[in-house]
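Since every read-out is calculated from the coordinates, none of them should be taken as a lab result. Predicted model only: the values in this text are computed from it and were never measured. Here the Cβ positions follow ideal geometry from the backbone for every residue, glycine too, while neighbour counts run over all protein chains shown.
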């Protein structure tokens, strides 16, 4: 998952709670769409309470950062669309982006930071990755970042102290800051396949919604793995049909949930629906 710098600038003024909810959705989204977010799971993963979740999701929608249909209650969960442009063209990629698959974003050091401190780590991850661009005039740096985050100089100073174990900051003649990533290995792409994790989450979400039954947990895990293979199997055909595999799988699962609810999971029937979407 890649976040354009334009989107990073857009979310600078959100709260810690809002940042945690947004990152939860981003880590589980395909094409910036995350289905089936359950309040109890967010509470468990982030530590926020239920009322904070409801406040945050409404606030993020009001700020035009996300959208969610308010009539999704039959599923007892939330489908969230994140208003972020995809990096589909060279021009869009040249603007710069943050790679969310880096190891640092799964590390406890990052998870325990406040929302604005997390934003700063995103900023430095991008800023320090550009060759020869790890220095900034102190006055310019404070002016730009204070405006993007909506904070005062003293607050930014405190945030820099909060992330000192992740980003090393040194001064040169009291006019220039030099930034260095403390543990560069943490800023490399993670060894786990983030795409597979997203697909596993989405398949599990739709199986929960369809209330499919399984003979055992082992069978369930095996069928989830088999279902995930459809993403690779039909990716090229989806492109030829001028769509993408995520939309194809979404429509197929929606039909499956409508016609096969509360029954043993029928992967062959789902396969037929996927083929029907591409016919």
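Brief remarks follow.
- Here the stretch 1-71 and the stretch 92-158 have alpha carbon centers that stand 19 Å from each other.
- The stretch 108-187: C-alpha gyration tensor shape, a/c 1.5 cut-off, then a/b vs b/c: oblate
- Dimensions in Å of the chain - Rg and Dmax from alpha carbons: 21.1, 71
- Protection proxy ranking of 98-108, 217-227, by the mean of other Cβ atoms within 10 Å over each peptide's residues and highest first, is 98-108, 217-227.
- For the chain, averaging the sequence separation of C-alpha pairs within contact (under 8 Å, six or more residues apart) and dividing by the residue count gives a relative contact order of 19 percent.
- Remark: spin-label model distance residue 239-residue 129 equals 2.2 nm, labels positioned 7 Å along the Cα→Cβ axis.
- Extension gain, residue 164 back to residue 216 (0.36 nm per residue minus Cα-Cα distance, nm): 14.0 nm
- Residue with peak Gaussian network fluctuation, the chain [Cα springs, cutoff 10 Å], from 60, 148, 232: 232
- Calculated FRET value between residue 39 and residue 262, using beta carbons and R₀ = 35 Å, to 0.05: 0.95
- Cα gyration tensor shape of the stretch 11-79, rounded if a/c is under 1.5, else prolate or oblate by comparing a/b with b/c: rounded
- Distance between the modelled labels on residue 83 and residue 247, one decimal in nanometres: 2.1 nm (7 Å Cα→Cβ projection).
- Label zone at residue 112 (point 7 Å along Cα-to-Cβ), backbone N below 20 Å, the stretch 128-168: 158-168
- Every Cα-Cα pair of the stretch 197-279 was included, and the share exceeding 16 Å stands at 47 percent.
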